[in-house]
Amino acid sequence: MAKEVAILGVGMHPWGKWGKNFVEYGIKACNDALDDAGLEWNDIEVVAGAETVRNGYAGYVAGATFAEALGWSGARVSTSYAACASGAQAINNARAMILADMADVILVVGADTTPKGFLAPNAGERWADPDWLRFRLMGCTNPTYFALYARRRMDLYGATEEDFAAVKVKNAKHGMANPYARYHKEFTLEQVLESPMVADPLRLFEICATSDGAAAVVICSMEYARKHNVDPVKIRAVSTITPTYPQTTIDMPYFSTDSAAAVEEPALSFKDSIAQAAYEEAGLGPEDMSLAEVYDLSSALELDWYENIGLCPKGDAEKLLRDGATQIGGRIPVNPSGGLASFGEAVPAQALAQVCELTWQLRGQAGDRQVEGATAGITANVGLFGHGSSVICSV
Amino acid sequence: MTEKNVAPSIEGWFTTGDTPHLIGTQCKTCQTYFFPKQDLFCKNPACRSTEFDEVELSRTGKIWSYTEHYYRPPEPYISGDDFEPYTIAAVELDKEKMVILGQVANGVAHADLTTGLAMEIVVETLYEEEDTERTVWKWKPVTD
Ligand SMILES: [Zn+2]
């Protein structure tokens with residue numbers, strides 16, 4: 001258990017389209033996390049920022065941007081970019097410094113302001129960049145990939161449009177009880193199924209929006225937590241692994257998978273292996289989890305995650321959903337926060353927001369969305385260019 | 001009215017003619033295939049080769065999955081005033097054991113596709129410039 005670190009405080013700025021500078025959201029989240037930890041900014045030894053590519057230079061140097069905004073204190077700084085997994089990688093770098101005895105208490109923060117509509121690639125003619133080329137040569141958007149996974153579930157496992165809509169209905173209901181969620185609106189199956197088709201079989205209400213938002217987490221050594229007389233939620237594992245060659249699932253933003261002609265494909269898919277690495281490090285298994293926060297970029301993708309994080313065998317996710325196991329009150333609630341369906345994605349903040357939710361749930365502070373008796377939880381996400389993460393926390 | 005020139009939308013990614021192929025590379029050491037072409041370093045972690053042969057990939061494969069798009073995608077996709085829904089398929093090449101994306105040929109209905117269906121490469125217009133038709137590879141059900 002030598003690898004544990006403690007979560008001393010968490011804080012978030014509500015998700016939405018607020019039209020403000022991302023730093024403002026981040027500072028709100030930082031101050032809430034500091035208050036939650038019972039600390040002042042001057043107590044923080046390192047600030048670890050999750051970077052966003054969308055807010056100019058300040059976004060690229062996120063750690064320093066927040067350090068300056070909070071007031072230069074001489075704290076060390078670290079900044080991480082790993083697409084959607086940026087927040088988890090920032091936590092992991094902070095955790096490494098604590099475990100290496102380089103620091104006792106670290107503030108991790110991510111915040112974003114996002115544009116409207118589909119996420120589009122950076123401007124200019126960029127013929128060597130697959131993220132640019134996929135739009136130019138095929139009109140291949142992010143929902144394209146989500147839709148390919150969804151259709152495959154239908155053809156292989158008998159998933160239905162109703163199943164995908166039911167995930168949205170569940171997560172929207174969960175999000176009603178989350179003050180940090182962007183959307184507080186219940187949906188019926190019919191409303192979801194009547195929303196416009198975007199990328200068949202996925203409809204508008206089943207594809208996550210982009211949002212402004214911020215989340216912050218104060219982590220510290222177990223010894224530091226004891227000195228502050230806290231029995232903290234612990235981070236048991238942080239998985240930030242890359243895929244294993246050949247990566248045979250088509251993934252954003254690529255045109256093709258790796259070839260399995262010369263090298264046999266690995267036993268576990270990339271997303272399976274992200275969670276597997278976290279379970280191994282934590283010394284825990286899927287059966288030990290009380291809840292999960294997974295990246296429902298589309299409602300159908302949540303079903304893939306049930307299998308990727310080991311909640312059920314391949315092909316059984318629809319059954320798990322239909323049995324009500326993954327709603328609050330069920331055997332293993334998934335996305336009790338409301339998930340991306342209720343938040344929309346604020347890229348550098350999202351993996352941190354997942355950890356905030358685990359923390360509130362494991363402390364029993366999640367209000368009307370509380371998973372009763374929660375003792376351990378897992379997060380999972382993936383992003384562009386072979387990034388992904390999974391964090392396991394326990395009481 | 002003069003005929004427009006016909007030219008690929010990107011150089012060196014596919015051949016044209018009656019039986020077009022995608023152009024990939026194959027590592028001279030470990031025989032792994034790549035598309036788009038990889039010619040600087042082999043991505044097989046057990047191989048340090050920097051030498052590759054340019055190869056025509058097989059023309060046929062089976063559908064891994066597919067989707068139809070109902071909204072105009074953002075730039076740099078080029079779409080005219082008369083936007084029509086379009087279909088994209090992910091097709092697994094039998095020999096190379098890799099999945100490659102492409103739009104589905106004009107006139108093929110989304111409803112006619114299913115996972116596992118045999119597909120082949122064709123070359124069709126992607127968009128038109130003032131005096132040039134720009135082409136791209138597309139997937140089309142195999143008809144025998
Ligand atoms: Zn090689």
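Summary table below
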item: Hey, residue B:69 more than 30 Å from residue A:204 (Cβ to Cβ) and either open to solvent by less than 90 Å² (accessible area, probe 1.4 Å) or in contact with a Cys (Cβ under 8 Å, 6 or more places away or on another chain) (or both) or not; result: no
item: Residues that are surrounded by fewer than 19 Cβ atoms within 10 Å (Cβ to Cβ) and under 29 Å from residue A:121 (Cβ atoms), drawn from the range A:270-286; result: A:272
item: For residue A:325: the one exception among (1) touching a residue at least 40 places away in the same chain (Cβ under 8 Å); (2) away from chain B (no Cβ under 14 Å); (3) out of contact with any Ser or Thr (no Cβ under 9 Å at 6 or more places or on another chain); result: (1)
item: Residues of the range A:225-244 that turn out to be of a type outside the set (Val, Ile, Thr) and open to solvent by less than 30 Å² (accessible area, probe 1.4 Å), as a count; result: 4
item: Residue A:285 away from the ligand (no atom under 16 Å from the Cβ), at positive phi and either within 14 Å of chain B (Cβ to nearest Cβ) or not hydroxyl-bearing (Ser, Thr, Tyr) (or both); result: no
item: Flag if residue B:81 is closer than 22 Å to residue B:19 by Cβ and modelled with pLDDT under 95; result: no
item: Given (1) within 14 Å of the chain's Cα centre (by Cα); (2) within 16 Å of the ligand (Cβ to nearest atom), number of the condition residue B:105 does not satisfy; result: (2)
item: Top-ranked residue in the range B:23-57 [being more than 15 Å from the ligand (Cβ to nearest atom) and open to solvent by less than 30 Å² (accessible area, probe 1.4 Å); ranked as nearest to the other protein chains (Cβ to nearest Cβ)]; result: B:57
item: Residue within the range B:107-117 that is open to solvent by 10 Å² or more (accessible area, probe 1.4 Å), assigned to a strand (DSSP E or B) and modelled with pLDDT of 95 or more present; result: no
item: Evaluation of residue B:75 against (1) touching a residue at least 12 places away in the same chain (Cβ under 8 Å); (2) more than 16 Å from the ligand (Cβ to nearest atom); (3) under 26 Å from residue B:11 (Cα atoms); (4) acidic (Asp, Glu) (one fails), failing number; result: (1)
item: Entirely in the range A:105-180, the helices (runs of 4 or more DSSP H) that have 2 or more residues that are away from chain B (no Cβ under 14 Å); result: A:161-175
item: Residue that is least open to solvent (accessible area, probe 1.4 Å), among those in the range A:79-105 that are charged (D, E, K, R) and within 12 Å of residue A:219 (Cα to Cα); result: A:95
item: Leading residue by the ranking (farthest from residue A:18 (Cα to Cα)) among those in the range A:146-180 that are touching a strand residue (DSSP E or B) at 6+ places or on another chain (Cβ under 9 Å) and among the hydroxyl-bearing types (Ser, Thr, Tyr); result: A:149
item: Residue count for the range A:46-98, restricted to those that are farther than 25 Å from residue A:241 by Cα and not polar (S, T, N, Q); result: 14
item: Residue count, the range B:51-94 (criterion: out of contact with any Asp or Glu (no Cβ under 9 Å at 6 or more places or on another chain), closer than 17 Å to residue B:35 by Cα and among the acidic types (Asp, Glu)); result: 4
item: Subset of the range A:284-294 (residues that are free of Cβ contacts under 8 Å to residues at least 60 places away in the same chain and not in a helix (DSSP H, G or I)); result: A:285
item: Single unsatisfied condition, residue B:125 versus (1) more than 14 Å from residue B:63 (Cβ to Cβ); (2) within 8 Å of another protein chain (Cβ to nearest Cβ); (3) in contact with an Asp or Glu (Cβ under 7 Å, 6 or more places away or on another chain); result: (2)
item: Complete set of residues in the range B:97-106 that are within 7 Å of another protein chain (Cβ to nearest Cβ) and open to solvent by 30 Å² or more (accessible area, probe 1.4 Å); result: B:97
item: Set A:278, A:260, A:267: member being in a helix (DSSP H, G or I) and among the small types (Gly, Ala, Ser); result: A:278
item: Criterion violated by residue B:90 - all others in (1) more than 15 Å from the chain's Cα centre (by Cα); (2) within 11 Å of chain A (Cβ to nearest Cβ) satisfied; result: (1)
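The values are calculated or read from the model by the stated rules, or taken from the named source; none is laboratory data. This one's a predicted model, so the numbers in the text were calculated from it and none came from an experiment. For neighbour counting, all protein chains shown are included, and Cβ atoms are generated from backbone atoms with ideal geometry for every residue, glycine included. Each accessible area value is taken on the protein alone, full model and side chains, heavy atoms only, with ligands, DNA and RNA left out. Shrake-Rupley method; radii C 1.70, N 1.55, O 1.52, S 1.80 Å.
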